[in-house]
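Peer 1: Mind having a look at this structure? Questions to follow.
The values are calculated or read from the model by the stated rules, or taken from the named source; none is laboratory data. On a predicted model such as this, the values are computed, not experimentally measured, just so you know. For neighbour counting, all protein chains shown are included, and Cβ atoms are generated from backbone atoms with ideal geometry for every residue, glycine included. To get the accessible areas, we keep the full protein, side chains included, count just its heavy atoms, and leave off ligands, DNA and RNA. Shrake-Rupley method; radii C 1.70, N 1.55, O 1.52, S 1.80 Å.
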Amino acid sequence: LVVGTIGQMDLPAALRAAGHDSARPTTWLMEGLAPYLTVAIMHELAKDVGALSAPGSSLWLDGFSQTSVEKGMYFHGVKFESGLDNYDELWLSNGFDFSQQVDMTVVYLDGAQKIQVDPRYIVTATQTRGHNMCLMARATKSAPRCPAH
């Protein structure tokens with residue numbers, strides 16, 4: 001368990017002190033976090049997470065488009081600090097080799113309770129810009145493949 005404030009703590013040092021092994025795959029679940037971070041802190045977090053993530057790691061986060069947040073969004077009286085139109089690009093530029101952002105309108109659980117995404121709603125930064133959207137971002141670092149013999 002690591003207690004602290006993202007943007008005010010040395011996250012890599014705190015995680016290492018708590019036993020995080022950056023040589024092993026990690027799953028990062030960032031639900032309800034991104035809107036409360038400034039853009040600069042979100043970029044710093046992405047850099048830290050990318051450096052702390054071994055091949056085989058993955059992440060999920062929810063956030064909002066820049067347009068949504070700029071119009072003034074609050075949750076339980078707390079103002080959202082940022083929204084991005086390019087969560088996918090953020091993770092790709094920080095060491096993940098697969099990343100996409102999805103308009104949350106069509107993310108659902110199927111009969112087997114597995115998360116499903118209608119591929120028609122995977123959106124790019126260009127498609128997101130200027131629109132009010134709740135977004136889900138997911139990214140992975142592929143595990144190295146064994147060479148064929």
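Peer 1: Output the number of residues of segment 41-61 satisfying the condition of being of a type outside the set (A, V, I, L, M, F, W, C) and buried (at least 19 other Cβ atoms within 10 Å of the Cβ).
Peer 2: Step one: of segment 41-61, the residues of a type outside the set (A, V, I, L, M, F, W, C) are 43-44, 47-48, 50, 53, 55-58.
Narrowing further to those that are buried (at least 19 other Cβ atoms within 10 Å of the Cβ): 50, 53, 57.
Residues in segment 41-61 being of a type outside the set (A, V, I, L, M, F, W, C) and buried (at least 19 other Cβ atoms within 10 Å of the Cβ): 3 in total.
Peer 1: Among the residues of segment 101-108, is any among the charged types (D, E, K, R), under 16 Å from Thr140 (Cβ atoms) and open to solvent by less than 40 Å² (accessible area, probe 1.4 Å)? Full working, then the answer.
Peer 2: Of segment 101-108, the ones among the charged types (D, E, K, R) are 103.
Among the residues that remain, those that are also under 16 Å from Thr140 (Cβ atoms) are: none.
For segment 101-108, residues among the charged types (D, E, K, R), under 16 Å from Thr140 (Cβ atoms) and open to solvent by less than 40 Å² (accessible area, probe 1.4 Å): absent.
Peer 1: While we're looking at this one, here's another question. Sort out for me the strands (runs of 3 or more DSSP E) sitting completely within segment 93-149 that have 3 or more residues that are at pLDDT 80 or above and not β-branched (Val, Ile, Thr).
Peer 2: Qualifying strands (runs of 3 or more DSSP E): 98-103, 134-140.
Peer 1: Any residue at all in segment 104-126 that is in contact with a Lys or Arg (Cβ under 7 Å, 6 or more places away or on another chain) and either over 27 Å from Arg16 (Cβ atoms) or not polar (S, T, N, Q) (or both)?
Peer 2: Here is the first cut: in segment 104-126, the residues in contact with a Lys or Arg (Cβ under 7 Å, 6 or more places away or on another chain) are none.
No; the residues of segment 104-126 include none that is in contact with a Lys or Arg (Cβ under 7 Å, 6 or more places away or on another chain) and either over 27 Å from Arg16 (Cβ atoms) or not polar (S, T, N, Q) (or both).
Peer 1: Of the numbered conditions (1) modelled with pLDDT of 95 or more; (2) under 18 Å from Met104 (Cβ atoms), Glu44 satisfies every one except a single condition; which is it?
Peer 2: Evaluating Glu44 over (1) modelled with pLDDT of 95 or more; (2) under 18 Å from Met104 (Cβ atoms) leaves (2) as the failure.
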